[in-house]
Amino acid sequence: MKLTKEQIEIINSTGNIKINAVAGSGKTTTIIEYAKAKVRDSKILYLAFNKSVKLEAVKRFANECLYNVQVETAHSLAYKHIVMQNNYKIRSLGYKTNEIVELLGLEGNGEKHNEYILANHINKLIAYYCNSDKQKVKDLNYTDILPEGKAKEFVLNFYDYIQNQARLFLNKMNKGEIEITHDFYLKKFQLSNPQLNFDYILFDEGQDASPAMLDVFFKQNATKVIVGDTHQQIYGWRFAVNSLEKAQFKTFYLSTSFRFSQDIADLAMEILQWKNHINHDQAENQVTIIKGKGIGKEYKTKAILARTNLGLLVKAIEYVTETKNVKHIYFEGNINSYTYADDGASLYDVLNLHNGKYHLIKDKLIKEMKNLEELEIYINKTEDIQLGIMVEIIREYGNKIPDIIKTIKNKHVENNEKEKAEMIFSTVHRCKGMEYDTVQLVNDFVTEEKLKKIKEKSDMNLSQLNEEINLLYVAITRTKNNIHIPKPLLPSKFPNSSKIQIIKVLPSEEKKIINKDKTYSVNEVRETHKGAYKQWTKELDRELSTMYYDDINVQDMAKHFGRTKGSIISRIQKLELE
């Protein structure tokens, strides 16, 4: 294997270093070569981002006979030092809001559902503290992570109580009175100031490190290497910090992507330039150089990627209803994870609340609500985004939901049969580290137009907006070949490319409900489908064929060509594509 000049410089480096690596630049390969270049009896720790990355890394280091490298995640390392030595019992899925109410004996103080709102904030404060590098809960200001609004107003009124109850709950876990969470034993590990017996520590995906794990890393005596991509930080909502900026080490770069071509690299660089709209006179405004050296030509794996669960479910619904002959689909992270909130409430619980079928509601929190309006009041006071998305889905699709989800589940294949899937669905967070031959984006990401409109606001959250841009960048850089992108997401005046297919979007497409029994006049059809009666040309036929074989659904093709769905179906039959 021929290494780049940048890779060789990293492999030959000495002392603590940080590596800023663009998507698909072979950072794991570089780390393996770095480890091979060190003395064979050196003790090396490789810290992986999650379990799946860990398992893959174990294989790759073993294939190179690097048995002196120990592969761990931050949590597996903490587990061995804390859980196994103290005989703690683990609460794998964390605590639900109603469970915290019961364990702490919270009362509503006369306000409706106050005990549940308090429990929600207590839970979030505990997570914030456990992921932080602070010694005590009082060293944090929980309101710093809350946006202006009813949730922040509520917390300010009950701050001392929320803080004290959070400390009580942490103490219960510490004493082993109740099961501990994964966040808790990682925090306890950090507070124990461990000294790890390694000569080198290689920290992968550093841009998404929690302050707690970063504190452990920085305090080690070993030679430290931290690698990641500044622009792939997308876990700020889990209190991750961009450790590449915090590490005062010599900086190296991996700027060549072997995943995609220069066309995709140019698009990714243009997206990153959007940060200039919000980061005035900051170092991050420096131009990121990406060299695209990928030569992907296969079309085996196709994926639809969305910013949100709602956006993805809507697109999945369109796909399974429009693409009648599809047999197998796959959701990264399993389909069930898209119908349940982290707190345990299911989409069906919210639907049963909507229909007044309280006896069918399983989640205790949802069961306490009289209707969706009460649930929305709770959502406003807690900033519970996942429950908010569920309410939106129910309001949009109502009682069609069970049949729709049943259809999707019937076509869903298991993890070991993923290669059978004709289309893979994922949010960006769940496909982190993945790559696909062809990618289609859902129109639910931030746009340049939106950034321009809000750049003058004094109260805008810069880190959150940066992360929104990062999400689009990560989504784009999952492709190895082609990308289908909604027109609003494309940078202005971006040049045409055979690798980048633009999906046109109707102004009212997100909310418009089409009555299928209605007959339209020619003028009405022309108004909403500008190309409805234009002649098909050879160029348009080729474009239609490409989109058809990339599994773009009929509705999206109709939007793209400005024609009716019937017209698209008729042309597909005429070209004998099916």
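The values are calculated or read from the model by the stated rules, or taken from the named source; none is laboratory data. Small disclaimer: the values here were computed from a predicted structure and weren't measured. Heads up, the Cβs are rebuilt from the backbone with ideal geometry, glycines too, and the neighbour counts pull from every protein chain shown. Areas reflect the complete protein model, heavy atoms only, side chains present, ligands, DNA and RNA absent. Shrake-Rupley method; radii C 1.70, N 1.55, O 1.52, S 1.80 Å.
Values computed for the structure shown
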item	result
Hits in the range 365-381 - residues which are within 28 Å of the chain's Cα centre (by Cα) and farther than 22 Å from Lys400 by Cα	Leu365, Ile377, Tyr378, Ile379, Asn380, Lys381
Whichever residue in the range 135-192 is basic (Lys, Arg) and open to solvent by 70 Å² or more (accessible area, probe 1.4 Å) and, among such residues, is farthest from His75 (Cα to Cα)	Lys150
Count - residues of the range 119-165 that are more than 23 Å from the chain's Cα centre (by Cα) and of a type outside the set (Lys, Arg)	26
Residue among Asp349, Asp343 that alone is of a type outside the set (Gly, Ala, Ser), over 30 Å from Gly566 (Cα atoms) and in a loop (DSSP other than H, G, I, E, B)	Asp343
Looking only at the range 342-360, and only at residues there that are surrounded by 15 or more Cβ atoms within 10 Å (Cβ to Cβ) and more than 23 Å from Glu111 (Cα to Cα), the one that is farthest from the chain's Cα centre (by Cα)	Asn352
Of all residues in the range 195-249 being of a type in the set (A, V, I, L, M, F, W, C) and part of a helix (DSSP H, G or I), the one that is farthest from Gln135 (Cα to Cα)	Leu244
Test set (1) closer than 17 Å to Lys89 by Cβ; (2) out of contact with any strand residue (DSSP E or B) (no Cβ under 9 Å at 6 or more places or on another chain) - Gln165 fails condition number	(1)
Complete set of residues in the range 76-117 that are exposed (fewer than 13 other Cβ atoms within 10 Å of the Cβ), in a loop (DSSP other than H, G, I, E, B) and of a type in the set (A, V, I, L, M, F, W, C)	Leu93
Answer residue from the range 1-29, given it is assigned to a helix (DSSP H, G or I) and out of contact with any Ser or Thr (no Cβ under 9 Å at 6 or more places or on another chain) and is nearest to Gln232 (Cα to Cα) among those	Lys27
Residues located in the range 547-568, provided they are surrounded by fewer than 16 Cβ atoms within 10 Å (Cβ to Cβ) and either without any contact (Cβ under 8 Å) to a residue 60 or more places away in the chain or β-branched (Val, Ile, Thr) (or both)	Gly566
Members of the range 569-578 found to be in a helix (DSSP H, G or I), free of Cβ contacts under 8 Å to residues at least 12 places away in the same chain and under 21 Å from Glu422 (Cα atoms), listed by number	Gln573
Residue in the range 63-75 that is farthest from Lys187 (Cα to Cα), counting only those that are in a loop (DSSP other than H, G, I, E, B) and touching a helix residue (DSSP H, G or I) at 6+ places or on another chain (Cβ under 7 Å)	Glu64
Count of residues meeting criterion [outside any helix (DSSP H, G or I) and either open to solvent by 50 Å² or more (accessible area, probe 1.4 Å) or in contact with a Pro (Cβ under 7 Å, 6 or more places away or on another chain) (or both)] in the range 396-419	1
Residue list for the range 265-299, filter: in contact with a helix residue (DSSP H, G or I) (Cβ under 8 Å, 6 or more places away or on another chain), open to solvent by 80 Å² or more (accessible area, probe 1.4 Å) and modelled with pLDDT under 90	Val287, Tyr299
Near pairs, Cβ below 8 angstrom, 6+ apart or cross-chain, from the range 137-153 (on the phi < 0 side of the Ramachandran plot and without any contact (Cβ under 8 Å) to a residue 40 or more places away in the chain) to any residue that is open to solvent by less than 20 Å² (accessible area, probe 1.4 Å) and of a type in the set (Val, Ile, Thr)	Tyr142/Val155; Tyr142/Ile162; Thr143/Val155; Lys152/Thr143
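This table checks each residue for (1) modelled with pLDDT of 90 or more; (2) part of a helix (DSSP H, G or I); (3) open to solvent by 30 Å² or more (accessible area, probe 1.4 Å).
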residue: Asn443; (1), (2), (3): yes, no, yes
residue: Val446; (1), (2), (3): yes, no, no
residue: Lys453; (1), (2), (3): no, yes, yes
residue: Met460; (1), (2), (3): no, no, yes
residue: Ser463; (1), (2), (3): no, yes, yes
residue: Glu468; (1), (2), (3): yes, yes, yes
residue: Val474; (1), (2), (3): yes, yes, no
residue: Asn482; (1), (2), (3): yes, no, no
